[in-house]
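Some notes on the structure that comes next.
The values are calculated or read from the model by the stated rules, or taken from the named source; none is laboratory data. Keep in mind that this is a model prediction, so the values were computed, not measured. All Cβ positions, even for glycine, are placed from backbone atoms using ideal geometry, and neighbour counts span all protein chains on display. Remember, those area values only see protein heavy atoms, side chains included, never the ligands or the DNA or RNA. Shrake-Rupley method; radii C 1.70, N 1.55, O 1.52, S 1.80 Å.
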Protein chains: 2
Amino acid sequence: MTPRTSAQGQSTRTDSATTSVEDYAKTIYGLAEWDDTAVSASALAKTLGVSNPSVTLMVRKMADLGLVDHQPYAPIRLTEQGRQLALAMVRRHRLLETWLVRELGYGWDEVHDEAERLEHAVSETFVDRLDARLGHPRVDPHGDPIPGPDLSMDHPDTELLCRVPTSSAVRLEQVDDSVPDALRVLAEQQVEIGAQVHVTASESGDVVVARTDAGEGIRLAHELAHAMRVSVVRSDGSGASGPGDLEN
Amino acid sequence: MTPRTSAQGQSTRTDSATTSVEDYAKTIYGLAEWDDTAVSASALAKTLGVSNPSVTLMVRKMADLGLVDHQPYAPIRLTEQGRQLALAMVRRHRLLETWLVRELGYGWDEVHDEAERLEHAVSETFVDRLDARLGHPRVDPHGDPIPGPDLSMDHPDTELLCRVPTSSAVRLEQVDDSVPDALRVLAEQQVEIGAQVHVTASESGDVVVARTDAGEGIRLAHELAHAMRVSVVRSDGSGASGPGDLEN
DNA sequence: TTGCAGTTTTAGGTATGCCTAAACCATACT
DNA sequence: AGTATGGTTTAGGCATACCTAAAACTGCAA
């Protein structure tokens, strides 16, 4: 947990933010969150599950609303205002997930879709009261940091599991909540956030992790290892680094 | 609490039920719940805050979906399937309100709008888990009965406060959750559901109620008295009945 | 430098759900 | 019975947000 992203200016949540606009903002933010890549229209389209032309139109609209910067044929970037909208949505989403798991008996692999719908329906008041009731959690059940009321957020510096070199000791920090398979595998193996494991093998993104240095391993397909983020506890120089993240 | 409305056939919640369809069904049900009047298009339009033509179109659509019976120029009636959709929405709404009041510190005059939005966003699973967490409440904070998982519901036989004769002793049973002023007045006067009060005066729908037979009264405008339902504990024959419900 | 491949945008169209204005029916009253 | 009044429906439109097909641009490569 090192840098602390801070966002000023409270409720810049424009009333003209429809459900779609909220989703676009959140998705643009999510695509650029880790790698600071500018976002292409087609990446957005793929992630949102809509056609490319739809993205063009929606992005134009969001530019008019002052939520994104976008010149024709150029990549898409959130404005400060857009970033705040996105963070507000992230806050809602993660607080809702925390609540669903803690108080409604949901499994951590079941909450994503429910939160995805609820986040567009709750009021600012609701979010603040929920936050208070939960004791102002800083992290959701998947290990993702929760933006505070001022939208500032701890930004842990973690590594994709699929990019960690063999023979490292790592601590599981975050799991992508939108990949239920990853969540299910971990739940089955009783590996929880904060658990320390060893990367015993790693090839073309597939990763084998074991609970102890010599223990039996759990094989994780690239797709799953790509959904997990870890902090490196000990990096054994001997192990060759995995070939990196193949598909973008 | 006498008759018990029972509705078979669980989750007849058609997937083609959009937010609008859900609102229409709930509103049609609500308008016909107490008085078993068939619902006119314009009453629906007024309640929903949309134009008359919009209602015609939507009702046609709902007839195609099998949710209402409707011949041109005739009143509108829910089919069994429509009634079940409506009851499912009522269940959601009242459970959400109960939760907001009990666990999120909302006042009973603040929950309506929030529940109104949330009820369209929650899943069947969510509703059932919430119901379980709350201990399967049979009544919401406003005294309205909550349909069970099978959509059956106690149907208390109560009277509009504005129609109760002077000098009756009554118990407050229900307050319309969509009339925040009524809720606020009662909260200010610390009159709660189940409280017994005396109707000491009543003219053209305005009603004065007092905590004791001789105590000082609280004057309730017709509009507010119309939003409260009571059960009559003692009806003093001497008092003249109010002139009844004027509008509608 | 020209051309091609891939991305992005324009053009034109669908579905939902709402609107106003105008036509229509049905009933109640003279 | 004839007609006025009001509720209801048709007709024609608007906004959102999506689609496919076709045109346009960018930038890399021969």
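Numbers below:
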| item | result |
| --- | --- |
| Near pairs, Cβ below 6 angstrom, 6+ apart or cross-chain, from the range B:177-188 (in contact (Cβ under 8 Å) with a residue 24 or more places away in the chain) to any residue that is among the small types (Gly, Ala, Ser) | B:179/B:227; B:182/B:227 |
| Counted residues, the range A:189-229 - those being without any contact (Cβ under 8 Å) to a residue 12 or more places away in the chain and among the hydrophobic types (A, V, I, L, M, F, W, C) | 1 |
| Top-ranked residue in the range B:14-36 [being more than 15 Å from the chain's Cα centre (by Cα) and not charged (D, E, K, R); ranked as modelled with the lowest pLDDT] | B:14 |
| Residue B:87 vs. criteria surrounded by 15 or more Cβ atoms within 10 Å (Cβ to Cβ) and more than 14 Å from chain A (Cβ to nearest Cβ) | yes |
| Filter pass, residue B:74 being among the small types (Gly, Ala, Ser), near DNA strand D (Cβ under 10 Å from one of its atoms) and assigned to a loop (DSSP other than H, G, I, E, B) | yes |
| Where a residue in the range A:98-123 is not assigned by TED's automatic domain parsing to the domain that holds residue A:138 and assigned to a helix (DSSP H, G or I) and its partner, wherever it lies, is open to solvent by less than 40 Å² (accessible area, probe 1.4 Å) and not β-branched (Val, Ile, Thr), with Cβ under 6 Å and at least six apart | none |
| Sole residue being in a loop (DSSP other than H, G, I, E, B) and in contact (Cβ under 8 Å) with a residue 60 or more places away in the chain, chosen from A:148, A:143 | A:143 |
| Which listed residue, of A:125, A:166, is open to solvent by 10 Å² or more (accessible area, probe 1.4 Å), in contact with a strand residue (DSSP E or B) (Cβ under 6 Å, 6 or more places away or on another chain) and over 26 Å from residue A:42 (Cβ atoms) | A:166 |
| Output for the range B:57-71, where each listed residue is within 12 Å of DNA strand C (Cβ to nearest atom), in a helix (DSSP H, G or I) and crowded, with 16+ Cβ neighbours inside 10 Å | B:58, B:59, B:61, B:62 |
| Complete set of residues in the range A:30-61 that are touching a helix residue (DSSP H, G or I) at 6+ places or on another chain (Cβ under 6 Å), within 12 Å of DNA strand D (Cβ to nearest atom) and not polar (S, T, N, Q) | A:41, A:44, A:45, A:48, A:55, A:58 |
| Residue count for the range A:32-56, restricted to those that are acidic (Asp, Glu) and within 11 Å of DNA strand C (Cβ to nearest atom) | 0 |
| Checklist (1) open to solvent by 50 Å² or more (accessible area, probe 1.4 Å); (2) within 14 Å of chain A (Cβ to nearest Cβ) applied to residue B:101, failing item | (1) |
| One residue from A:141, A:137, A:75 being touching a strand residue (DSSP E or B) at 6+ places or on another chain (Cβ under 7 Å) and either away from chain B (no Cβ under 14 Å) or open to solvent by 10 Å² or more (accessible area, probe 1.4 Å) (or both) | A:75 |
| Unique match (being assigned by TED's automatic domain parsing to the domain that holds residue B:119 and among the basic types (Lys, Arg)) among B:163, B:138, B:184 | B:138 |
